[in-house]
Every structure is written in C-alpha cells, then in structure tokens.
Amino acid sequence: MFERIITRAEVLGGKPCIRGTRISVELILELFASGASRTEILAAYPHLVVEDIEEAMRFAANFIIVARRQYDRVHIRVREHSG
C-alpha cells in the first residue's frame, strides 16, 4: 500500500519515515502545518521527490482514518456494555 514509507524500530524509534531517509512523516506534516509549501520542502530536502511528500500525506490521512474507525468501534462496544 505504501512503498515509500517504512516503519522500523531501529529507524527513528519506529516512527514512519520516508524510505532511505531519516525524514519522518511527522516532520513533513509539521512543515506543512508551519506554512511550508511542497516546493519549499523539496528545496530544503533535495533528496526527496514529490512522490515522497505525496505518499507521506496519504499515509497520514490513512492513519487518521484507521484510528477513527478503531475509536468508533471501541466506543460502540463501551456503549453496548454500559447500557
């Protein structure tokens, strides 16, 4: 599903990062949140390519979707057992 994103305990303590780098998905998100553009990120990290940034964003979006589904399932079970 994600060819450019890896998660290994020995790399950045298991944070998802761009393959072949020590640049985490979290850092990419922080850069965008601070107002950096894709062009600025690529200029600051010339070993990245557009596809790295795009996949990092897709990975983050997918993570949120999966986390929300898990959250919803847990809360449905809690409501079922507390009623």
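The values are calculated or read from the model by the stated rules, or taken from the named source; none is laboratory data. None of the values given here were measured: they were computed from a predicted structure. Neighbour counts are summed over all protein chains in view; Cβ atoms, including those assigned to glycine, are modelled from backbone coordinates with ideal geometry.
For the stretch 24-46, which positions are out of contact with any strand residue (DSSP E or B) (no Cβ under 7 Å at 6 or more places or on another chain) and aliphatic (A, V, I, L, M)?
Applying the first criterion (out of contact with any strand residue (DSSP E or B) (no Cβ under 7 Å at 6 or more places or on another chain)) to the stretch 24-46 yields 26-46.
L27, I28, L29, L31, A33, A36, I41, L42, A43, A44 - these are the residues of the stretch 24-46 that are out of contact with any strand residue (DSSP E or B) (no Cβ under 7 Å at 6 or more places or on another chain) and aliphatic (A, V, I, L, M).
What helices (runs of 4 or more DSSP H) completely inside the chain contain at least 3 residues that are of a type in the set (V, I, T) and either modelled with pLDDT of 95 or more or on the phi < 0 side of the Ramachandran plot (or both)?
Working: elements: 25-33, 38-44, 50-82.
It comes to 50-82.
Can you work out which of the residues in the stretch 4-27 that are touching a Leu at 6+ places or on another chain (Cβ under 8 Å) and of a type outside the set (S, T, Y) is farthest from R38 (Cα to Cα)?
R22
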